[in-house]
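Visitor: My structure is below; once you've seen it, I'll send some questions.
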Amino acid sequence: MSNTQERACHELWKEVFGDSDRFIAQFMQNHYRKSNMFSVEENGRLVSMLHLVTFNCNGHNVGYIYAVATAAEARKRGYATQLLKDAIAEGKRRGLAALLLIPASEDLRKYYNRFGFKGSYHIEFQTPDNFDFGDGHNNASLLPLTPDFTLGAGISLLKHTL
């Protein structure tokens, strides 16, 4: 990712989520991969994005959909919907066992349910840099991509290596 693209990602992230520069930089440095960022540009400006971060869970590779963001002026145009569809297709193409995400609200949970994300699971992230992938670990929704993948009623640990 070029410096211009990194700045655009950083700016959109900060605009939508209000996270600190340090937090965003830690993600970009340690967890960002160009092949895992799905994005939409409008008139040369990044207006929508999401990241698909791979973890190991119960011996399976799974994808965590993170930082789904659309600039305020670009909402209601279907960008996040298209990015989510693209990420689901990519997860299947990569042979991931499941996709997970943590909805930030009940309205978002209903939105993600339309794509097949269901349930409310407790997940914890384990990363070498102790990056905080989000609050509400009791709220993870799951979209199995293979018939043999399930999450139990207990805590599911998602392990990520840098």
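The values are calculated or read from the model by the stated rules, or taken from the named source; none is laboratory data. Note that the structure is predicted; figures quoted are calculated from it, not measured. All Cβ positions, even for glycine, are placed from backbone atoms using ideal geometry, and neighbour counts span all protein chains on display. Just the protein is used for accessible areas: all its heavy atoms, side chains included, with ligands, DNA and RNA removed. Shrake-Rupley method; radii C 1.70, N 1.55, O 1.52, S 1.80 Å.
Visitor: Over the heavy atoms of Val47, what accessible area does a 1.4 Å probe trace out, to the nearest 10 Å²?
Guide: It works out to around 0 Å².
Visitor: Let me ask another. Where does the chain land at 222 nm, in deg cm²/dmol rounded to the nearest 500, when only DSSP H runs of n ≥ 4 count, each adding -39500 (n - 2.57), divided by all residues?
Guide: Working: 4 runs with 48 residues, N = 162.
So the calculated ellipticity at 222 nm is -9000 deg cm²/dmol.
Visitor: Here's a follow-up. Of all the C-alpha pairs in the stretch 91-162, what % are more than 20 Å from each other? Could you put the intermediate results ahead of the total?
Guide: Details: 834 of 2556 pairs.
Roughly 33 percent, rounded to a whole number.
Visitor: Suppose every Lys and Arg Cβ carries +1 and every Asp and Glu Cβ carries -1, with no other charges. What dipole size does the stretch 32-133 come out with about its Cα centre, to the nearest 20 debye? Present the calculation step by step, with values, prior to reporting the outcome.
Guide: Numbers: 14 positive and 10 negative charges, 92 e Å.
The dipole of the stretch 32-133 has a size of about 440 debye.
Visitor: Further question: Between Glu42 and Asp132, how high is the FRET efficiency from 1/(1 + (r/R0)^6) when r is the Cβ-Cβ distance and R₀ = 35 Å? Nearest 0.05.
Guide: Details: r = 30 Å, r/R0 = 0.86.
Plugging the Cβ-Cβ distance into 1/(1 + (r/R0)^6) gives 0.70.
Visitor: Can you give me the C-alpha center-to-center distance between the stretch 123-162 and the stretch 9-61, rounded to a whole angstrom?
Guide: Centre-to-centre distance over Cα atoms comes out at 17 Å.
Visitor: Give me the percent of the accessible area of the chain that comes from carbon and sulfur atoms, probe 1.4 Å, all protein chains in place. If you can, show how the numbers build up before the last one.
Guide: Working: 3950 of 8520 Å².
After summing per-atom areas, the C and S share lands at 46 percent.
Visitor: In the stretch 92-162, what percentage of the DSSP-assigned beta bridges are antiparallel, given to the nearest 5?
Guide: Working: 6 of 11 bridges.
Bridges in the stretch 92-162 are about 55 percent antiparallel.
Visitor: State log₁₀ I(q)/I(0) for the stretch 34-162 at q = 0.22 Å⁻¹ as given by the Debye formula over alpha-carbon point scatterers of equal weight, solvent excluded.
Guide: So the normalised log intensities are -1.43.
Visitor: So, one more: Taking the Cα centre of the stretch 30-77 as the origin, how large is its charge dipole in debye, to the nearest 20, when only Lys and Arg (+1) and Asp and Glu (-1) carry charge on their Cβ atoms?
Guide: Working: 6 positive and 3 negative charges, 7 e Å.
Around 40 debye, computed over the stretch 30-77.
Visitor: With a sphere of radius 11 Å drawn around the Cβ of Gln26, what net charge do the other residues whose Cβ falls strictly inside it have (Lys, Arg +1; Asp, Glu -1)?
Guide: Working: positive: Arg22; negative: Asp19, Asp21, Asp129, Asp132.
Overall, the nearby charge balance is -3.
Visitor: Still on this structure, I have one more. Round to the nearest 10 and report in Å² the accessible area of Tyr79, as given by a 1.4 Å probe over the protein chains' heavy atoms.
Guide: That residue has around 50 Å² of solvent-accessible surface.
Visitor: Also: Which value, in Å², gives the accessible area per residue of the chain when a 1.4 Å probe is used on the protein heavy atoms? Each step should come with its number before you reach the end.
Guide: Values: 8520 Å² over 162 residues.
Computed with neighbouring chains in place, this is 53 Å² per residue.
Visitor: Among Leu151, Gly18, Phe133, flag the residue with its Cα farthest along the positive direction of the charge dipole of the stretch 18-162, charges on Cβ as +1 for Lys/Arg and -1 for Asp/Glu.
Guide: Leu151
Visitor: Here's something else I'd like to know. When the Kirkwood radius is taken over all Cα pairs of the stretch 25-84, what Stokes-Einstein diffusion coefficient follows at 37 °C and 0.692 mPa s, in µm²/s?
Guide: Working: Rh = 12.6 Å.
In µm²/s, the coefficient rounds to 261.
Visitor: Once you have the Cα-Cα distance between Asp148 and Met28, take 0.36 nm times their residue separation minus that, and quote the gain in nm to one decimal.
Guide: Values: separation 120, 0.36 × 120 = 43.20 nm, distance 3.24 nm.
Residue separation times 0.36 nm, minus the Cα-Cα distance, leaves 40.0 nm.
Visitor: Zone of Lys92 (label point 7 Å along Cα→Cβ, backbone N under 15 Å): which residues in the stretch 107-140?
Guide: 115-117
Visitor: Using θ = phi - 60° and the Karplus form 6.51 cos²θ - 1.76 cosθ + 1.60, what ³J(HN,Hα) does each residue of the stretch 118-126 get, whole Hz, x for Gly and Pro?
Guide: 9, x, 9, 10, 8, 10, 10, 9, 10
Visitor: Let me ask something else. For a quick check of your reading of the filter: which trypsin sites (Lys or Arg not before Pro) in the stretch 92-162 sit in a DSSP loop and have no more than 12 other Cβ atoms within 10 Å?
Guide: Details: sites: Lys92, Arg93, Arg94, Arg109, Lys110, Arg114, Lys118, Lys159; in loops: Arg94, Arg114.
Passing both the DSSP loop test and the Cβ count: Arg114.
Visitor: Tell me, what ³J(HN,Hα) does each residue in the stretch 147-154 have, in order and in whole Hz, if you take phi through Karplus 6.51 cos²θ - 1.76 cosθ + 1.60 with θ = phi - 60° and put x for Gly and Pro?
Guide: So the J values, rounded to whole Hz, are x, 8, 9, 9, 10, x, 6, x.
Visitor: If you take every DSSP beta bridge fully contained in the stretch 1-136, what fraction is antiparallel? Give it as a percent rounded to 5.
Guide: Numbers: 15 of 18 bridges.
Once the DSSP bridges in the stretch 1-136 are tallied, antiparallel ones form about 85 percent.
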